[in-house]
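Down below is the structure, laid out as structure tokens.
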Amino acid sequence: MIIDALLNLRPGAQWALDKDDYEGLVWLDEIQTKPTKKEIAQEIERLQLEYQTKEYQRQRAPEYPDLKELADALYWNSKGDSTKLDDYYSKCDEVKNKYPKPN
């Protein structure tokens, strides 16, 4: 996670990481300052929270109907038949209801 935190905190910065902890961080960048241990810890915590709050998205993704089905439904809808598009929306609603977005 420290790598993700560093990439977010200092995009494009030059550094090396000997171990997966702050003590192993060798700062090579001459333009951007090395983030503090606290900054990195806070960013790791923020990233973990972001990951947890998007669990519903990861659960929904494999259960949504295929986009080919949507393309077909849109085609038929353009011809005046909304049946397939209504079915597609209904399937999406089922998935959304199964894995609701947290408040």
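Every number here is computed from the coordinates shown, using simple stated rules; none is lab data. These numbers come from a predicted model, not from an experiment. Here Cβ is always computed from backbone atoms with ideal geometry, including for glycine, and neighbour counts include all displayed protein chains.
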- Message: If R₀ is 35 angstrom, what is the calculated FRET efficiency for the pair LYS19 and ARG58, using the beta carbon separation as r and rounding to 0.05?
- Response: 0.75
- Give me the net charge of ALA13's neighbourhood, meaning all other residues with Cβ under 15 Å from the Cβ of ALA13; Lys, Arg count +1, Asp, Glu -1. -3
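Could you compute the net charge surrounding ARG46? Neighbours are other residues with a C-beta less than 14 Å from the C-beta of ARG46; K and R count +1, D and E count -1.
Numbers: positive: LYS38, LYS54; negative: ASP4, GLU39, GLU43, GLU45, GLU50.
So the environment of ARG46 carries a net charge of -3.
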- Express in nm, to one decimal, how much length is gained between ASP86 and ASP66 on full extension, taking 0.36 nm for each residue of separation and deducting their alpha carbon distance. 5.8 nm
- Item | Charge sum, other residues only, whose C-beta stays under 15 Å from ASN97's C-beta, Lys/Arg counted +1 and Asp/Glu -1 | +2
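What ranking, highest mean first, results for peptides 91-103, 33-45 when packing means the other Cβ atoms within 10 Å averaged over each residue? Working shown, then result.
Values: 91-103: 11.5, 33-45: 15.0.
Listed from highest to lowest mean packing, they are 33-45, 91-103.
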